[in-house]
1. Looking at segment 144-209, I'd like the Rg to Rh ratio, where Rg is from alpha-carbon atoms and Rh is Kirkwood's inverse mean 1/r.
2. For the ranges 89-95, 49-55, 102-108, what's the packing order if you count other beta-carbon atoms within 10 Å of each residue, average per peptide, and put the highest first?
3. Using 20 Å as the cut-off for backbone N distance, which residues of segment 197-232 belong to the label zone defined by a point 7 Å from the Cα of W163 along Cα→Cβ?
4. Take peptides 219-229, 186-196, 37-47 and line them up by average Cβ neighbours within 10 Å, highest first, as a rough protection proxy.
5. Using θ = phi - 60° and the Karplus curve 6.51 cos²θ - 1.76 cosθ + 1.60, what whole-Hz ³J(HN,Hα) does each residue of segment 98-107 get, with Gly and Pro shown as x?
6. Let me know the Rg and Dmax you get for segment 94-177 when you use only its Cα atoms, in Å.
7. If you line up the long axis of helix 16-68 against the longest principal axis of the chain, both from Cα atoms, how many degrees apart are they, to the nearest 10?
8. So what's the angle, to the nearest 10 degrees on a 0 to 90 scale, between helix 131-155 and the longest Cα principal axis of the chain?
Amino acid sequence: MWFGNAVLSKHRTKDTETSADLGIIQTATLTLLGLIIGFTFSMAIARYDLRQTYEEAEANAIGTEYLRADLLPSKTAESIKGLLNEYLDQRILFYSKQDQETAKQITQRTLALENAMWNELLPVARSQASPTMALVISGLNDVINSHGYTQAAWWNRIPTAAWWLMAAIAVGANILVGFGARNFRRNVGLFMIFPIMISVSFFLIADIDSPRGGVIRIDPRNLLDLKHNMNSVQSPAISIGGK
């Protein structure tokens, strides 16, 4: 904005027709900037809602498989339940604020537990092929698939190219506002409101679009509720999120 006023405004003509044309260009640019910010915000919110949905799906899948484990032989059931309990701890840690190295270790441990559960079920499934065993295997597949869907949703971010294009439009809009300002130096504080509001909008979008960092985060309420039920209820009746 300062550049548009201090440098480019020296070449501004002061006739009425040029001022009217400048007003049209400013209005069109600011409208376009508003639409771009609105669409990008909508993209970030959609991704945020998707991550919340998959967190609930993970809790339901783990809880369902925990119940189905009772259909297995007692020794295998005890082992699967122990692995699921540890698996649930790793999924809760996944949603907490972690550095990249710790997050990578959590993912590796999660994959190792998935392999351990599969290897524990595989011999029983081969020796006792039945509809009941198929149900248990299907439940474990749902647990593994829900983890994959969650990971994909966390990788799904607003493209970097979209950020650069949005920033370019914002810079152009600020230059045009500065270029057309008549009393910029006397009202510099007033003119600063516009770039500050754009910066706040960008920060909000970036914060919502950053699942591992920032202020607005995914709270694993369903996973925590499932963990509480696993620890407090010894009977098979496990409730997930009141369902």
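The values are calculated or read from the model by the stated rules, or taken from the named source; none is laboratory data. Predicted model, so just to flag it, every value in this text is computed and none were measured. Note that we place each Cβ from the backbone using ideal geometry, even for glycine, and neighbour counts take in every protein chain shown. All accessible areas refer to the heavy atoms of the entire protein, side chains included, with ligands and DNA or RNA removed. Shrake-Rupley method; radii C 1.70, N 1.55, O 1.52, S 1.80 Å.
1. Working: Rg = 18.0 Å, Rh = 14.5 Å.
With Rg and the Kirkwood Rh in hand, the quotient comes to 1.24.
2. Ranked by mean Cβ neighbours within 10 Å, highest first: 89-95, 49-55, 102-108.
3. Hits in segment 197-232 for W163 at 20 Å: 197-218.
4. Values: 219-229: 17.4, 186-196: 12.2, 37-47: 15.5.
Going from most to least packed, we get 219-229, 37-47, 186-196.
5. Computed from phi, the couplings for segment 98-107 are 9, 6, 4, 5, 5, 4, 5, 5, 4, 5 Hz.
6. Over segment 94-177's Cα set, Rg and Dmax evaluate to 22.0, 75 Å.
7. The angle comes out at about 10 degrees.
8. The angle comes out near 20 degrees.
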